[in-house]
1. Failed condition for A6, given (1) farther than 29 Å from V301 by Cα; (2) surrounded by fewer than 17 Cβ atoms within 10 Å (Cβ to Cβ); (3) among the aliphatic types (A, V, I, L, M), with all others met?
2. Would you point out which residue out of L281, L297, L337 is among the aliphatic types (A, V, I, L, M) and open to solvent by 60 Å² or more (accessible area, probe 1.4 Å)?
3. What's the total number of residues in segment 241-287 that are outside any helix (DSSP H, G or I), in contact (Cβ under 8 Å) with a residue 12 or more places away in the chain and touching a helix residue (DSSP H, G or I) at 6+ places or on another chain (Cβ under 6 Å)?
4. I'd like the full set of residues that are open to solvent by 40 Å² or more (accessible area, probe 1.4 Å) and closer than 26 Å to P43 by Cα, limited to segment 78-100.
5. Grab the helices (runs of 4 or more DSSP H) fully contained in segment 40-101, keeping just those with 1 or more residues being touching a residue at least 60 places away in the same chain (Cβ under 8 Å) and among the polar types (S, T, N, Q).
6. Restricting the search to segment 190-207, which residues are modelled with pLDDT under 85, charged (D, E, K, R) and part of a strand (DSSP E or B)?
7. Going through segment 340-362 one residue at a time, which ones are open to solvent by less than 50 Å² (accessible area, probe 1.4 Å) and either among the aromatic types (F, W, Y) or part of a loop (DSSP other than H, G, I, E, B) (or both)?
8. Which condition does W332 not pass, out of (1) in contact (Cβ under 8 Å) with a residue 60 or more places away in the chain; (2) closer than 30 Å to L71 by Cβ; (3) of a type in the set (F, W, Y), if it passes all the others?
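The values are calculated or read from the model by the stated rules, or taken from the named source; none is laboratory data. Owing to the predicted nature of the structure, the values given are computational and were not obtained by experimental measurement. Backbone-built Cβ (ideal geometry, glycine too); neighbour counts: all protein chains shown. Each accessible area value is taken on the protein alone, full model and side chains, heavy atoms only, with ligands, DNA and RNA left out. Shrake-Rupley method; radii C 1.70, N 1.55, O 1.52, S 1.80 Å.
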Amino acid sequence: MLGVFALAASLLLLEKMLRLFQFVGEEGGPIGVVFRMLAALIPEYASLAIPLGLLLGVLLAFRKLATSSELDVMRAVGMSYNRLLRTPYLITAVLVAVNVALVFYIQPKSRFYYEQMEYELRSGALGASIKVGEFTTLKDRMALRIEQSEDEGRQLKGIFARVSNDKGQVLSISAREGAFLATSDSPDTIILRLSDGTIIQDTGAEGTSPRVLSFTRHDLPIDLPRIEEFRNRGDDEREYILPELLRIGWNQNAPDDVRDASQASFNFRLVEVVMMLLMPLLAVALAIPPKRSTSALGVFVSIIMVVSYHKVNQYGEDIAALGRVDPILALWGPFALFAALILWMYYRVAYVPGGQAIGALEAWFAKLTKRLRKLFKRRRPRQVAAMETAPAE
């Protein structure tokens, strides 16, 4: 179960990691922030990986008992499936408590932390550097372009700067190299120390020609743009913890769109947690292959069912947040159908002699596998015969 959880979470994080590396690279931020952002996404992905890990852990355990005939012995001595499911349900109770803490308390705060890091990365608060080969505008009065950056930005080459003021005066500066220096008296200002360059000063007055000056060293003060503070938590309903969802979702004085979004988010999280109580029953229903068969079709069917149901819940949350459908109908309706299907599948396996939850699907899959084997067996002798009759060189 833990192995499946780690695998599922890793696959979800790897897909997101590629996008984050591209995003951080485009913004010019430090690579270390990628791993901090991924860590903030772990609670969100864990809420799906935990039910998958529980499902496949129980399913593979019962499948091993079934394929080794140990399950038949347990059934023969009077141990029912309900008795065998006591321990899996003890594990389920623990994981349900963990998932409640994740989706109602940890996940909203980690989501806000992720959004905050993304905002700070875009605004430059996380150390985003000036992009090489592109014009960067600072405070709408300076344009800066750097051809090359070496030694992690400590040494700059091929610098061009254009500085203007409110009086219409413009300085066009080009320099062979330069470096950024911090100032102790003003933390909002840095010094760009330029070496071996030229300054063209245009006063903007009519009838005057620009002045051209050469320098060996020139200090250009740059005022850093003021970084606005990030918004407070709660702009998105996904950032509300449980008490906030209950207070806002059922507050008659709150706007209708806010109430609908809060109620949809509360019901979505709750139905995802309650769904875990059905995972052991689904695992048993899909773990028992037909007699004299080692088919693993139930493993793939279980993954498809859980992931599809999760996507249906996400769609139900979206339309409920828009106020088009009541959250009870949009989220608990699919849950009722999903629960009825699982209970029927479990009843077929546990109480019907020789019953199979996906017997028809297993039979179709066995026929398909048999036909594919025959097809490959027919092709192989033809290829061997063609090689034997080929003339030797």
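1. (1)
2. Numbers: L281 fails: open to solvent by 60 Å² or more (accessible area, probe 1.4 Å); L297 fails: open to solvent by 60 Å² or more (accessible area, probe 1.4 Å).
Matching residue, one of L281, L297, L337: L337.
3. Just the residues of segment 241-287 that are outside any helix (DSSP H, G or I), to begin with: 241, 250-255.
Next, only the ones that are in contact (Cβ under 8 Å) with a residue 12 or more places away in the chain stay: 241, 250.
Checking which are touching a helix residue (DSSP H, G or I) at 6+ places or on another chain (Cβ under 6 Å) leaves us with 241.
Looking only at that region, the number is 1.
4. Of all residues in segment 78-100, those open to solvent by 40 Å² or more (accessible area, probe 1.4 Å) come to 78-80, 82-83, 86-87, 89-91, 93-94, 97-98, 100.
Result: T87, Y89, L90, I91, A93, V94, A97, V98, V100.
5. Working: elements: 70-76, 81-84, 86-101.
By residue number, 81-84, 86-101.
6. Within segment 190-207, just D202 meets the criteria.
7. Just the residues of segment 340-362 that are open to solvent by less than 50 Å² (accessible area, probe 1.4 Å), to begin with: 342, 345-346, 349-350, 352, 355-359, 362.
Of everything in segment 340-362, those that are open to solvent by less than 50 Å² (accessible area, probe 1.4 Å) and either among the aromatic types (F, W, Y) or part of a loop (DSSP other than H, G, I, E, B) (or both) turn out to be Y346, V352, G355, Q356, A357, I358.
8. So W332 meets the others, but not (2).
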